[in-house]
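**Q** Quick one: structure below, then a few questions.
The values are calculated or read from the model by the stated rules, or taken from the named source; none is laboratory data. Since the structure is predicted, the reported quantities are computational estimates derived from the model, not experimental observations. All Cβ positions, even for glycine, are placed from backbone atoms using ideal geometry, and neighbour counts span all protein chains on display.
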Amino acid sequence: MDRTRRIVELLSRLPGVGEKTAQRYLLFLLTADEAVARELGAELVTLRDFLKPCERCGNIAEVPDDPTGPILCPVCTDNKRDPSLLCVVARVSDLMAIERAGSMRGRYFVLGKLLSPLEGVGPEQLPLPKLMSRIRDDGVREVIVATPPSVDGEATALLLKRELSAMNVEGGVSVTRIASGVPHGGDLEFADPITMSRALAGRQRL
Ligand SMILES: [Zn+2]
């Protein structure tokens, strides 16, 4: 495969990028300031070595200079966050959408997947033990379930409600769900910051 076709093929594997956009990117990288292509290339080469999932929440985190140190994201190390408020999301892109809205003062837990009986994802495949030890260790008092408003997202919210309500922690844990406003079947990722802030503020007890 010639180089032009190879690069267009690689770029078009990115989400939302078709062949036409990939060709535009290639032309841009060839004609814009040369440093753009060189710096982007250098970052991509080492991307997977320096960015890993946060050990505590699953967000993207930088590997520390001391390789034996813990891999923690900026939200987990931000000591202005309220550790008693924990927002559970399905994916890192949902966490990023909520962070863009800027109204979340607690921390996060990324499930990585949703309960999906149709696709054979059962409760045992969700990281519930890790979530529960996080709740215990951090003294979490409120869990905001921010799974998407889809069939699987709602099923996951109900499962979390059942499992977390049964937890034996001092003072108990209240489980809330983000309000609608995020369209049903829609992606949190595409909610605008105002809708997202309202959905968080209007959360209700599950
Ligand atoms: Zn984290």
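**Q** Of all the residues that make up the stretch 89-103, how many are in a loop (DSSP other than H, G, I, E, B) and either within 22 Å of Leu126 (Cα to Cα) or in contact with a Ser or Thr (Cβ under 7 Å, 6 or more places away or on another chain) (or both)?
**A** Number of matching residues: 3.
**Q** A follow-up question, please. Has the stretch 106-114 got any residue that is modelled with pLDDT of 95 or more, hydroxyl-bearing (Ser, Thr, Tyr), touching a strand residue (DSSP E or B) at 6+ places or on another chain (Cβ under 6 Å) and within 14 Å of the ligand (Cβ to nearest atom)?
**A** For the stretch 106-114, residues modelled with pLDDT of 95 or more, hydroxyl-bearing (Ser, Thr, Tyr), touching a strand residue (DSSP E or B) at 6+ places or on another chain (Cβ under 6 Å) and within 14 Å of the ligand (Cβ to nearest atom): present.
**Q** Please find, within the stretch 54-94, the residue that is surrounded by the fewest Cβ atoms within 10 Å (Cβ to Cβ) out of those that are under 26 Å from Ala179 (Cβ atoms) and of a type in the set (Ser, Thr, Tyr).
**A** By that ranking, first place goes to Ser93.
**Q** Also, I was wondering about something else. I'd like the full set of residues that are small (Gly, Ala, Ser), surrounded by 10 or more Cβ atoms within 10 Å (Cβ to Cβ) and not in a loop (DSSP other than H, G, I, E, B), limited to the stretch 20-35.
**A** The answer is Ala22, and nothing else.
**Q** Restrict the check to the stretch 118-130 and report whether at least one residue is assigned to a helix (DSSP H, G or I), touching a strand residue (DSSP E or B) at 6+ places or on another chain (Cβ under 6 Å) and basic (Lys, Arg).
**A** no
**Q** A further question follows. Got at least one residue in the stretch 36-46 being within 14 Å of the ligand (Cβ to nearest atom) and at negative phi?
**A** No - not one qualifying residue is present in the stretch 36-46.
**Q** Okay, next question. May I ask you to verify whether Leu86 is under 30 Å from Val173 (Cα atoms) and either among the small types (Gly, Ala, Ser) or part of a strand (DSSP E or B) (or both)?
**A** Here the answer is yes, as Leu86 does meet what is asked.
**Q** Next question, about the same structure. Find the residue count for the stretch 1-49, including only residues that are over 28 Å from the mean Cα position of the chain (by Cα) and hydroxyl-bearing (Ser, Thr, Tyr).
**A** Result for the stretch 1-49: 2.
**Q** Report yes if some residue within the stretch 132-140 is among the β-branched types (Val, Ile, Thr) and in a loop (DSSP other than H, G, I, E, B); otherwise report no.
**A** Yes, the stretch 132-140 contains at least one residue that is among the β-branched types (Val, Ile, Thr) and in a loop (DSSP other than H, G, I, E, B).
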